Amino acid sequence: MVGEETLFCAFHPDIPTTLRCNRCGRPICPRCAISTPVGYRCRECVAGQQALFFNARPLDYGIAALVAVVIGLLTAPIVAALGFWAIFAGPLVGSLTAGVVHRLTGRRRGQWIWLVVSGGLAAGLVMLRLPLLLASPFALTRLLWDGIYLALAISTVIGYLRFWR
Ligand SMILES: [Zn+2]
Ligand SMILES: [Zn+2]
């Protein structure tokens, strides 16, 4: 009977393993193996693929921040006036902003673009509401709908810019 070949992890030479990275073929221990949709891979292969997948240029982050801050500033007074109804504006503003950013950045993918866009949208609202908050901490309860609006807008942005096709 031919026994299974005993391999040792390429990154931890003292740990025996039977796993191999299915891209480079290196033996990897369970601690080094990363489960991907196409099987177990080593850290280096996963990192290499991410570098290829995320092709945004530094300028794209500037464009994303600018677009988000401008839209955030323009929509903040409307959101503030809408009160409860602002929660319906959340997904709308989120997908609008993400769509504009996506187009202006040549549809390139950036690992942290979603974060920049979310921050920009939040900044507009925070700038508008800050004087109110500074005047009275009890104003926080009046900002409930703003918060829900922002959460919905941001989750839409994440869905659009982070997890799309
Ligand atoms: Zn590998
Ligand atoms: Zn290992």
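The values are calculated or read from the model by the stated rules, or taken from the named source; none is laboratory data. Everything numeric in this text was worked out from a predicted model, so none of it was measured. Using ideal geometry, Cβ is built from the backbone for each residue, glycine included, and neighbour counts are taken over all protein chains shown. Side chains included, ligands, DNA and RNA excluded: accessible areas come from the protein's heavy atoms. Shrake-Rupley method; radii C 1.70, N 1.55, O 1.52, S 1.80 Å.
Observations
- Here the stretch 58-161 has 79 percent of its accessible surface on carbon and sulfur atoms, given a 1.4 Å probe and all protein chains in place.
- Values of log10 I(q)/I(0), in the order q = 0.12, 0.13, 0.14, 0.21 Å⁻¹, for the stretch 58-161 under a Debye, Cα-only, solvent-free model: -0.37, -0.43, -0.49, -0.97
- Its residue count N fixes a reference of 2.2 N^0.38 Å for the stretch 7-53, and the Cα radius of gyration divided by that reference is 1.08.
- Relative to the longest principal axis of the Cα atoms of the chain, helix 144-161 runs at roughly 40 degrees.
- The calculated FRET efficiency for the pair Thr36 and Val126, based on their C-beta separation and a Förster distance of 45 Å, comes to about 0.75.
- The simple Förster model, with R0 at 41 Å and r as the Cβ-Cβ distance, assigns Leu59 and Ala135 a FRET efficiency of 0.60.
- Full extension of the segment from Leu92 to Leu66, taken as 0.36 nm per residue of separation minus the current Cα-Cα distance, would add 7.5 nm.
- Rounded percent of accessible protein surface that carbon and sulfur make up, the stretch 7-53, 1.4 Å probe: 58 percent
- For the chain, the 222 nm mean residue ellipticity estimated from helices alone, with every DSSP H stretch of n ≥ 4 adding -39500 (n - 2.57) and the total spread over all residues, rounds to -20000 deg cm²/dmol.
- Considering only Gly48, Gly94, Gly72, the Gaussian network model of the chain with Cα springs below 10 Å gives its largest mean-square fluctuation to Gly48.
- For the chain: accessible area per residue (Å², 1.4 Å): 61 Å²
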